[in-house]
Amino acid sequence: MTTTIEEIAKILIERGLTIATTESCTGGLLSSKFTDVSGSSAFVHLNLITYANEAKQKMLGVRKETLENYGAVSEECSYEMASGLQKLTNADICISTTGIAGPTGGSAEKPVGLMYSTICTKDKAVTFEVKFHPEIARIEMKELFVQAVLDKLYKFLNN
């Protein structure tokens with residue numbers, strides 16, 4: 001299933017929901033997709049690019065222990081990013097992305113093509129993992145990461 005940003009925007013507008021994003025591996029591409037939609041000011045609340053660990057800690061309250069014990073590319077960090085953003089913004093839906101877009105930087109445990117994302121509301125949070133082939137070009141990898149988030153968000157909104 002390939003969800004379009006317009007499908008999600010329609011749902012957000014119809015339901016009067018706001019959204020905020022905090023991105024690492026996608027570098028603002030997700031927030032750019034949202035703001036590509038005419039009328040996005042009705043639902044886009046705040047978008048951050050928290051690429052550095054220091055930004056994750058200072059802006060979102062990601063714990064130093066989380067980064068030391070699990071790393072920035074982890075379910076734990078993704079969750080803390082999204083829940084920290086929810087506390088910061090009080091947006092209806094907060095989304096984080098953290099991963100390795102490559103072509104360098106991966107390891108056997110955390111290969112290039114690995115991403116964690118969390119979709120968080122005041123009441124619940126869902127963290128998911130995706131893995132794409134490590135030889136995919138960086139720009140295409142970021143697009144795949146964003147599409148995975150959009151697909152998951154669409155399902156989240158319709159459950």
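Computed values, structure above
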read-out	value
Residue list for the range 68-98, restricted to those being on the phi > 0 side of the Ramachandran plot and small (Gly, Ala, Ser)	Gly71
Residue among Val126, Val112 that alone is touching a residue at least 12 places away in the same chain (Cβ under 8 Å), of a type in the set (Val, Ile, Thr) and within 12 Å of Val73 (Cβ to Cβ)	Val112
Residue within the range 44-52 that is modelled with pLDDT of 95 or more, among the hydrophobic types (A, V, I, L, M, F, W, C) and under 16 Å from Phe145 (Cα atoms) present	yes
Hits in the range 4-25 - residues which are in contact with a His (Cβ under 7 Å, 6 or more places away or on another chain) and either farther than 12 Å from Ala42 by Cα or crowded, with 20+ Cβ neighbours inside 10 Å (or both)	Ile19, Ala20
Members of the range 144-157 that are closer than 13 Å to Gly99 by Cα and loosely packed, with under 15 Cβ neighbours inside 10 Å	none
Helices (runs of 4 or more DSSP H) (entirely within the range 26-88) containing at least 2 residues that are charged (D, E, K, R), buried (at least 17 other Cβ atoms within 10 Å of the Cβ) and under 16 Å from the mean Cα position of the chain (by Cα)	none
Qualifying residue in the range 114-131 (condition: crowded, with 17+ Cβ neighbours inside 10 Å and not in a strand (DSSP E or B))	no
Qualifying residue in the range 79-95 (condition: under 16 Å from Gly27 (Cβ atoms), in contact with a strand residue (DSSP E or B) (Cβ under 7 Å, 6 or more places away or on another chain), at pLDDT 95 or above and of a type in the set (S, T, N, Q))	no
Selection count where residues are aliphatic (A, V, I, L, M) and over 19 Å from Lys56 (Cα atoms), scope the range 89-125	2
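Condition check ((1) without any contact (Cβ under 8 Å) to a residue 12 or more places away in the chain; (2) of a type in the set (S, T, N, Q); (3) under 17 Å from Phe132 (Cβ atoms)) across all residues:
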position: Glu14; (1), (2), (3): yes, no, no
position: Thr26; (1), (2), (3): no, yes, yes
position: Ser31; (1), (2), (3): no, yes, no
position: Asp36; (1), (2), (3): no, no, no
position: Ser40; (1), (2), (3): no, yes, no
position: Lys58; (1), (2), (3): yes, no, no
position: Leu88; (1), (2), (3): no, no, no
position: Gly106; (1), (2), (3): no, no, yes
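The values are calculated or read from the model by the stated rules, or taken from the named source; none is laboratory data. Computed from a predicted structure; not experimentally measured. Note that we place each Cβ from the backbone using ideal geometry, even for glycine, and neighbour counts take in every protein chain shown.
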